[in-house]
1. Are there any pairs, at least 6 apart or on different chains, whose C-beta atoms fall under 7 Å, with the first in segment 729-749 and open to solvent by less than 30 Å² (accessible area, probe 1.4 Å) and the second among the hydroxyl-bearing types (Ser, Thr, Tyr), and if so, which?
2. What's the number of the only condition in (1) more than 15 Å from Ala609 (Cα to Cα); (2) without any contact (Cβ under 8 Å) to a residue 24 or more places away in the chain that Tyr549 fails to meet?
3. Are any residues in segment 667-682 under 18 Å from Asn611 (Cβ atoms) and open to solvent by less than 10 Å² (accessible area, probe 1.4 Å), and if so, which ones?
4. Is it fair to say Arg361 is open to solvent by less than 40 Å² (accessible area, probe 1.4 Å), of a type in the set (Lys, Arg) and at pLDDT 80 or above?
5. Please verify whether Arg857 is touching a helix residue (DSSP H, G or I) at 6+ places or on another chain (Cβ under 9 Å) and either charged (D, E, K, R) or modelled with pLDDT of 95 or more (or both), treating the condition exactly as stated.
6. Among the residues of segment 125-138, write down those that are surrounded by fewer than 18 Cβ atoms within 10 Å (Cβ to Cβ) and in contact with a helix residue (DSSP H, G or I) (Cβ under 6 Å, 6 or more places away or on another chain).
7. Only one of (1) in contact (Cβ under 8 Å) with a residue 24 or more places away in the chain; (2) surrounded by 14 or more Cβ atoms within 10 Å (Cβ to Cβ) is not met by Met489, so which one is it?
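The values are calculated or read from the model by the stated rules, or taken from the named source; none is laboratory data. The model shown is predicted, which means the values in this text are computed figures rather than measured ones. Cβ coordinates were reconstructed from backbone atoms using ideal geometry, including for glycine residues, and neighbour counts include every protein chain displayed. All accessible areas refer to the heavy atoms of the entire protein, side chains included, with ligands and DNA or RNA removed. Shrake-Rupley method; radii C 1.70, N 1.55, O 1.52, S 1.80 Å.
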Amino acid sequence: MNDGLTMLDDRSLIQSLHKSILFKDIDTDEVEHIIAAGQGRIVEPGQYVYQQGENNRHFYIVVSGEAELTLNIEGGGQHIVSHIGPGGHFGETSLLTNNRNSLNARALTRLSLLYFDADSFSSVLLANKVIQRQLSVALAQRLLVSFHDHADSLTKINATYKGLTHNLDPTYFSEPQALATAEKLSPDTDKEIRFAESTIARQINKAVQRFSNNLEPVLLSGESGTGRRMIAAEIHRASANKNGPYTEIDIRNVDPTQLEVELFGYERDFPAFSQIAQFGVFERLQGGTVALYNAEFMEPDCQRQLARLLKKAASAKNVAITGTSLRTRVIIICNDTSRQQDGHNRLLPSLYTLFASEHFRAAPLREHRRDIPRLIQYYLKRYSLQYGKNITKVDDQTLGRFMNYDWPGNLTEMAGVLQRAVLLGKSHEPLSHQIILGVPKSEGKWEFNLLRLQKIRAFLASRHFPVLPRAIVGIFFVLVLSALFFGPMRAEKNIGLTLSWVVGWPLLIFSFFFFARTWCSVCGLSVPGWLAQMIIKPERPTPPFIKRYSGWIMAFLCILLFWIETAWNAYQAPRLTAWIILTITLGALFFSMFFKRRVWCRYLCPLGAINSLFSMPAILELRSNTHMCMNRCIDHLCYNGDDAAEGCPMFRHPFLVDNNRDCILCGQCVKNCKLNSIHLNLRLAPQELWNQQSPRLEDSFLVVSLAAIFYPFAINQKDPEFIRNSAVTLSGIGLPESSPLAAGILFLVCILFYLTGYAIMSQIYARITGNSRKVTAAILGYGMIPLVLGAFMAAHLEIFVAGLWLLPANLLEMVGMEAITGPGRVMSRDATFVLQFITVCGGLVASLYASHRIIKRLLAGRRYSFEMFLPSALLLCLSAIAYLVFL
């Protein structure tokens, strides 16, 4: 024996060998004989005993220290097969099979070995029947376990590595690609922007340059979807461990009770042969990189153990005894969250301290908006190839929306938005209406899908809906128009006026809350246009001007309609009422003749404007199963239609619908969808008011205007002579005696008063939340919708119960019978006011809650206090009190 084992006396050496399964049944004299036939060798940590492919024909027994057996993998790097501790052995496979070494053997710690050449192995060890039998059994078990463990683990790691796909190809944003992309997107783009390196590329390069020169643990933080996983993979690819394995573990997807075993392995008392199944990921991936995604969700005990592991630079639970060094790089990926002492959903300070000097924060997309055009081009190219289309751009208005949007989901959200849009888009046409910012839901916690009820599904899927109800309502409107044009001029004698203002309009207002925009699907005013389209079949798309300014056009027409009704007291004028109905009908007819689908209803109708806003707090909504639409649907008949069935008349794909504003519940998608993806939800909370993904300033303008218009409307209902008397007052100060002028001034004063207050409130919240005034003003108005709707419902309740007696009176007069003398109420004034009070207060409570949620959204996770809510609450409460006074 050479000097390799002189540090051990014979007794220590014999005791060490008796730990081996080979020698446990061998007496001491025989062991001494075997020791005499061997030689000693010392191997320093990190050195190889032999390497894969060598013809090292020796058999080794570990006297002290620890070795690892690894397998070279394709593309560089090594995969760990097992660890060998004191009393363990290796090298027999090549001797027994007469082949080259199939594995690498490397010292993890200072290693003392007793080894035998081929002759000694055959003449001494194999000559002993006990050792030969134990060697055969151990070899068979080792090969079986190693094969299965190796195959399972290697498959898992390779699947993780190969399956690790990112939203972006980092090379796409390198300088040459970026230049080419910008040139294609807009040849006229400013050169300084076009030739600047993208922020994404700079961010990746900065992180790679900073962390690739060492193997220190790294902390990557940032918002979800900012490319942190891509940065982690690029750091690995540029590091000294680039040829080693890379795996990513999402902490949220691992059972907390199993996470410790997954990371650190099972407790082991240093057996001679440690199976790979006993190893934690840090041992299995020695020489590689482990990225812990959502690391803040680790249990505190697990965080503390990881901190100890990193501090001691040792692997698994045998660190304190074996001293095995950690050769796996650790990257933890967290969200932008503060640290807490308890560690729940946060990083413990003891763990964060170890990463503090190697911390990199990925910037959210809103901080590098100039990359948005490049990202659009990249995703359009990617998904066009995936879906076999040729879509290369979005229109200018959509690009503006992309640039103004804050992208809370960052790159992940943008990828989803454009993937959905490409699915719906047509080749060689820019994307526009296919875009919705945000992912709509289908059925939530506080919702019930009414289409689960077979009778309701059968009704909506029937070919008679909405055709039959629409035809009936159309006939009804013809009769009403006839009565208005040719009936009595006295208001209380004209059944057409009674059906329009006393019965029809209040019921329509009530239906907004209970049935959302269902009225629009059966609206009799659209019947002539519907019939015309059946004959003409126009294919012209909606003019871009109308699509761009639709919200403002509808708001103007809506205010104009209320002004006309009030200025000329249409509630008492049969002919004027008839012309209002006929004008709206002719508008629908004109646009139906020249443009496909329902352009008038979607983009222009003033009644549709009111309906679209007041349906947002409704208890009914239509949504789709987004995952079903994205992954299983291939024809999208619900939106596109075919020769047998028309598509969505409102130009909206169900999985793009995230609010009631643009859906008329016509049931066309229910009929066309073969996957039963459509949901008709009965809901408690109208989350779209505060989760609105694309808030529009024109919507908030109209809501505030309607909140102000309520006062002229209520005044005119209580005192129809008020406008006329105001006109007389105007003549006294030198202005023309004109009821329209008086009504116009009253409208203007009320609207300006409310808009001024709303502008001040928007400015206050813009400063509090750090958002622009335009963004703040665009979304705050949605919180007022329930209160304004409640006020109009309360006002029309009084009209309904006070005037319903006119209907039977008009019917009796039509058949020549004596009419009821004098007005009669359906319920007393006091009972009516109680219902009005409940309705307004219910709207107030809903508006307070919606505004509270909107303000929290504007704060984007920053600290929220009750004082921040006071300006909005004060405005809403004062408005509610004023509404009750005017009722």
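1. From segment 729-749, the pairs are Ala742/Ser726; Ala743/Thr566.
2. Exception for Tyr549: condition (1).
3. Gly667
4. On the way: open to solvent by less than 40 Å² (accessible area, probe 1.4 Å): no; of a type in the set (Lys, Arg): yes; at pLDDT 80 or above: yes.
When the stated conditions are applied, Arg361 does not pass them.
5. On the way: touching a helix residue (DSSP H, G or I) at 6+ places or on another chain (Cβ under 9 Å): yes; either charged (D, E, K, R) or modelled with pLDDT of 95 or more (or both): yes.
It is true that Arg857 is touching a helix residue (DSSP H, G or I) at 6+ places or on another chain (Cβ under 9 Å) and either charged (D, E, K, R) or modelled with pLDDT of 95 or more (or both).
6. Scanning segment 125-138 gives a single hit, Leu126.
7. Every condition holds for Met489 apart from (2).
The rows are residues; the columns are (1) in a helix (DSSP H, G or I); (2) in contact with a helix residue (DSSP H, G or I) (Cβ under 7 Å, 6 or more places away or on another chain).
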residue: Tyr352; (1), (2): yes, no
residue: Asp371; (1), (2): yes, yes
residue: Arg374; (1), (2): yes, yes
residue: Tyr383; (1), (2): yes, yes
residue: Thr392; (1), (2): no, yes
residue: Phe402; (1), (2): yes, yes
residue: Thr412; (1), (2): yes, no
residue: Gln419; (1), (2): yes, yes
residue: Ser427; (1), (2): no, no
